[in-house]
Amino acid sequence: MDADVNVFAGSQTANRLVLWVGKFAIVDVFDTNKYANNPKTDFLNWSVINAGSFDYAGDAWGYSYGAAAEWYQGRFTLRGGIFDMSATPAGGGDNAPAYGLDPTFQQFELVGEIEERHELWGQPGKLKVTGFLIRGRMGNYQEAIDLSQATGLDASDALAAVRTYQSRPGVSINLEQQVSENWGVFARAGWADGNVEVWDFTDIDRTLEAGVSINGKQWGRPDDTIGVAGVINGISSTHEAYLNAGGLGALVGDGQLPNPGLEQIIEAYYSYAISPATKVSVDYQFIANPAYNADRGPVNVFAGRFHAAF
């Protein structure tokens with residue numbers, strides 16, 4: 001094993017049990033992808049580096065207390081974990097203490113994953129299916145709409161008022177496939193229950209992404225990388241109606257959503273290696289129908305990044 005993030009150099013058995021305990025990022029263990037998983041070195045958009053529908057637990061910095069286990073056996077790996085959620089969903093009301101982890105652990109998330117490793121035309125690849133189940137005091141969008149219409153209460157406050165202890169499930173599929181030593185492809189698709197409010201990640205109930213990563217070896221720069229990805233994100237009809245009633249989500253809310261549309265994103269980056277451990281990148285994102293609002297956008301986002309590892 002070469003040294004890497006969270007990995008010491010050395011050797012280990014192929015069939016093994018790995019345990020994680022403490023405060024760490026769930027996406028360091030689940031829904032990982034060789035080509036799209038790290039905003040420090042590859043893509044920047046949240047719904048590219050992980051499945052946008054994966055409502056994973058985390059504080060404002062993306063970390064949570066929890067435990068996970070990984071069982072490697074042959075070409076398969078099974079993973080499971082339990083993690084602390086925030087005390088209150090991030091979007092619920094003006095006075096909600098967003099992104100503060102629940103000290104009682106009554107709001108928690110179960111995550112499970114199965115990974116299959118294979119070779120396709122002599123090239124390595126992985127296929128993963130990830131599922132989650134959140135348990136906590138969450139609001140139902142339709143109940144919030146009904147209460148808001150009956151009482152005149154703000155939709156966000158109505159959502160907080162109808163919270164009951166319930167579940168929010170979701171599932172995603174994740175593919176990475178090397179095509180040659182110089183390039184590979186990746187794809188994700190995900191679904192989450194769109195009737196119950198988003199908790200810690202972002203306002204996406206349906207997502208589909210695909211992309212390609214190209215190594216610079218073929219033009220004489222083996223430490224450079226080009227990445228291109230496309231994403232389509234959506235929400236449920238009940239979620240749309242809640243936002244149109246003036247509700248706020250974890251990150252979105254225009255006060256109205258009379259003309260909803262699928263959010264469509266294209267991202268491209270070039271990572272230029274000053275040295276094997278020091279890289280500078282340029283990144284561009286085109287976003288159509290931002291936050292599902294066809295009356296806004298498109299948005300052009302330009303970014304630069306300098307990253308050094310030691």
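The values are calculated or read from the model by the stated rules, or taken from the named source; none is laboratory data. Bear in mind the structure is a predicted one, so any value in this text is a computation, not a measurement. Heads up, the Cβs are rebuilt from the backbone with ideal geometry, glycines too, and the neighbour counts pull from every protein chain shown.
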- Item | Answer residue from segment 265-300, given it is among the β-branched types (V, I, T) and more than 19 Å from the chain's Cα centre (by Cα) and is farthest from F8 (Cα to Cα) among those | V299
- Message: Looking at segment 85-93, can you tell me whether even one residue there is more than 16 Å from the chain's Cα centre (by Cα), under 27 Å from G230 (Cα atoms) and buried (at least 18 other Cβ atoms within 10 Å of the Cβ)?
- Response: yes
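Results for (1) closer than 16 Å to E115 by Cα; (2) basic (K, R); (3) buried (at least 18 other Cβ atoms within 10 Å of the Cβ); (4) modelled with pLDDT under 95, shown as yes or no for each residue.
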{"site": "D28", "(1), (2), (3), (4)": "yes, no, no, yes"}
{"site": "A36", "(1), (2), (3), (4)": "no, no, yes, no"}
{"site": "T41", "(1), (2), (3), (4)": "no, no, no, yes"}
{"site": "N50", "(1), (2), (3), (4)": "yes, no, yes, no"}
{"site": "G58", "(1), (2), (3), (4)": "no, no, yes, yes"}
- From G112, G131, G170, G136, residue being under 21 Å from S64 (Cα atoms), at pLDDT below 95, within 24 Å of the chain's Cα centre (by Cα) and small (G, A, S): G136
- Message: Can you tell me how many residues within segment 167-196 are touching a Phe, Trp or Tyr at 6+ places or on another chain (Cβ under 9 Å), part of a loop (DSSP other than H, G, I, E, B) and farther than 15 Å from F132 by Cβ?
- Response: 1
- Can you tell me which residue among Y65, Y72, Y99 is modelled with pLDDT under 90, surrounded by fewer than 22 Cβ atoms within 10 Å (Cβ to Cβ) and in contact with a strand residue (DSSP E or B) (Cβ under 6 Å, 6 or more places away or on another chain)? Y99
- Message: Going residue by residue through segment 237-250, is there one that turns out to be farther than 30 Å from M138 by Cα and touching a Leu at 6+ places or on another chain (Cβ under 9 Å)?
- Response: no
- Query: When only residues in segment 186-210 that are closer than 25 Å to G122 by Cβ and in contact with an Asp or Glu (Cβ under 8 Å, 6 or more places away or on another chain) count, which is surrounded by the most Cβ atoms within 10 Å (Cβ to Cβ)?
  - Reply: R188
- Query: Which of the residues spanning segment 1-23 are out of contact with any Phe, Trp or Tyr (no Cβ under 6 Å at 6 or more places or on another chain), farther than 25 Å from Y270 by Cα and in a strand (DSSP E or B)?
  - Reply: V7, V18, L19, W20, V21, G22
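Being of a type outside the set (G, A, S), part of a loop (DSSP other than H, G, I, E, B) and touching a Ser or Thr at 6+ places or on another chain (Cβ under 8 Å) is the filter; apply it to segment 35-54 and report the residue that is farthest from N233 (Cα to Cα).
T41
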- Message: Can you pull out every residue in segment 108-166 that is among the acidic types (D, E) and assigned to a loop (DSSP other than H, G, I, E, B)?
- Response: D154
- Which condition breaks for V162 when tested against (1) out of contact with any Asp or Glu (no Cβ under 9 Å at 6 or more places or on another chain); (2) without any contact (Cβ under 8 Å) to a residue 24 or more places away in the chain? (1)
